[in-house]
Amino acid sequence: MDATLVDHVRRFNRTVTQRMGALDDTFLALARPLGQARLLWEIGTAGAQVRLLRARLDLDSGYLSRLLRALEADGLVTVEADPDDARVRTARLTPAGLAERAELDRRADDLASTVLHPLGERQRERLVAAMAEVERLLTASMVDVVPTDPRHPNARYCLEAYFAELARRFDDGYDPARNASASDDELRPPVGEFLVATLHDTPVGCGALRYHDGGPTGLRRMWVAPDVRGLGLGRRLLAELEARAAAGGTRVLRLETNRALTEAIALYRASGYREIEAFGDEPYADHWFEKRLAG
């Protein structure tokens, strides 16, 4: 990694933590540290499952438990087990917790105003636009892409969401039983690979490879969840699949897609895929693409 880029990130982190008061013993003068204040806010007025809080905040289970115990001791939070499944615990704010959260919101608004107030109107617009871009890129950096068995719950979630989207977007609907794409067994090593992208432990994308002895490798099951589109995840999944295919000796990648998937078609063309004559017996295909990988 470029040392200059790393230095810029570290300098940005120091500026933000100082300006937002993260270095203080108390956050927003509420007599509690930033971690507890943030957890109060994330629990929210409706409560939240502890496992979802851990995933959303990327916290170690032990550290999250300590934060919750501290808030319980102050009478701000209760943690209850689900009557039908004791493994599922839900944190809820007490009346005192709701009052402190409301005060936290008010003071956070005041802090944001102090950041914006010294700036001119144009500077404020630039700062807010830059913050939105930073947030988008930081979110993209938190996505993990890992090989996954096609029968894993995360993989099944992605595939079911993918099939449901195809059914909505295709002119004549979509029936997975008619699809000529590879089966689960064909997407496991050594004959295939399946990748799943997750954000805060939630599956948000997938893609697969199907190897063919002596022939081009097939690209399959490319999908990105609608709420994370625009983060560059489709391009990242595609690049990872290409790298894995090349490492396994693939020299030619092929795929077929439907005309309704305009974003996917644009991605393939921008990534160096060229349209070729029809191949295979995929009943939903309207476009066929090929890319030759570097040796």
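With 0.36 nm allotted per residue and the present C-alpha distance subtracted, the residue 243-residue 263 stretch has 5.0 nm of extension available. Around residue 27, which amide H atoms from residues at least 5 apart in sequence, or from another chain, sit under 5 Å from its own amide H, with H modelled in the peptide plane? Here the answer is 32, 34, since their amide H atoms fall under 5 Å of that of residue 27. A Förster radius of 41 Å combined with the Cβ-Cβ distance from residue 78 to residue 18 puts the calculated FRET efficiency at roughly 0.75. Calculated [222 nm] ellipticity per residue, helices only, for the chain: -14500 deg cm²/dmol; basis is -39500 (n - 2.57) per DSSP H run with n ≥ 4, divided by all residues, nearest 500. Springs join every pair of Cα atoms under 10 Å in this Gaussian network model of the chain, and among 15, 202, 148 the largest mean-square fluctuation is at 15. Computed about the Cα centre, the dipole magnitude for segment 189-278 is approximately 160 debye when only Lys and Arg (+1) and Asp and Glu (-1) carry charge, each at its Cβ. Qualifying trypsin sites (Lys or Arg not before Pro) in segment 245-286, where qualification requires a DSSP coil assignment and no more than 15 other C-beta atoms within 10 Å, comprise 251, 259.
Axis of helix 34-43 versus longest Cα principal axis of the chain: the two differ by about 70°, to the nearest ten degrees. Computed extension gain for residue 60 through residue 123, at 0.36 nm per residue and net of the alpha carbon distance, reaches 18.9 nm. Using alpha-carbon pairs under 8 Å, 6+ residues apart, how would you state the relative contact order of the chain in percent? It rounds to 11 percent for the chain. Rounded to the nearest 0.05, what FRET efficiency is calculated for residue 276 and residue 163 with R0 set to 35 Å and r the Cβ-Cβ distance? Efficiency at R0 = 35 Å is approximately 0.85.
Among 62, 207, 218, the largest mean-square fluctuation in a Gaussian network model of the chain (Cα springs under 10 Å) belongs to 62.
Here the chain is treated with +1 on each Lys and Arg Cβ and -1 on each Asp and Glu Cβ, and its dipole about the Cα centre works out to around 740 debye.
Translational diffusion coefficient of the chain at 25 °C, 0.890 mPa s, Stokes-Einstein with Kirkwood Rh over Cα pairs, in µm²/s as a whole number. D = 108 µm²/s. Annotation: residue 119 carries an accessible surface of approximately 50 Å², with a 1.4 Å probe and no ligand, DNA or RNA atoms counted. Note the angle between two axes, namely the Cα long axis of helix 153-169 and the longest principal axis of the Cα atoms of the chain, as a number of degrees from 0 to 90, rounded to the nearest 10. Approximately 70 degrees, to the nearest 10. So what's the angle, to the nearest 10 degrees on a 0 to 90 scale, between helix 121-141 and the longest Cα principal axis of the chain? That works out to roughly 60 degrees.
Shape class for segment 1-101: oblate, because the ratio a/c of the largest to smallest gyration tensor axis (alpha-carbon atoms, square roots of eigenvalues) is 1.5 or more and b/c is at least a/b. Sites listed here are trypsin sites (Lys or Arg not before Pro) in segment 167-244 whose DSSP assignment is loop and whose Cβ has at most 13 other Cβ atoms within 10 Å: 229. Along segment 231-237 the Karplus relation, 6.51 cos²θ - 1.76 cosθ + 1.60 evaluated at θ = phi - 60°, assigns HN-Hα couplings of 8, x, 5, x, 5, 5, 4 Hz to successive residues, with x for each Gly and Pro. Using the Cβ-Cβ distance between residue 292 and residue 235 with R0 = 22 Å, the FRET efficiency computed as 1/(1 + (r/R0)^6) comes to roughly 0.75. Taking all protein chains as they are arranged and a probe of 1.4 Å, the heavy atoms of residue 152 leave approximately 80 Å² accessible to solvent. In this structure segment 215-258 gives 40 Å² per residue of accessible area when probed at 1.4 Å with all protein chains present. Protein heavy-atom surface of the chain, 1.4 angstrom probe: 52% of the accessible area is carbon and sulfur, with nucleic acids and ligands not counted. Across the options 183, 155, 166, the greatest Cα extent toward the positive end of the charge dipole of segment 145-191 (unit charges at beta carbon of Lys, Arg, Asp, Glu) belongs to 155.
The values are calculated or read from the model by the stated rules, or taken from the named source; none is laboratory data. Source: prediction; values computed, not measured. Positions of Cβ are backbone-derived with ideal geometry, glycine not excepted, and every protein chain shown enters the neighbour counts. With ligands, DNA and RNA removed, areas are computed over all heavy atoms of the protein, side chains included. Shrake-Rupley method; radii C 1.70, N 1.55, O 1.52, S 1.80 Å.
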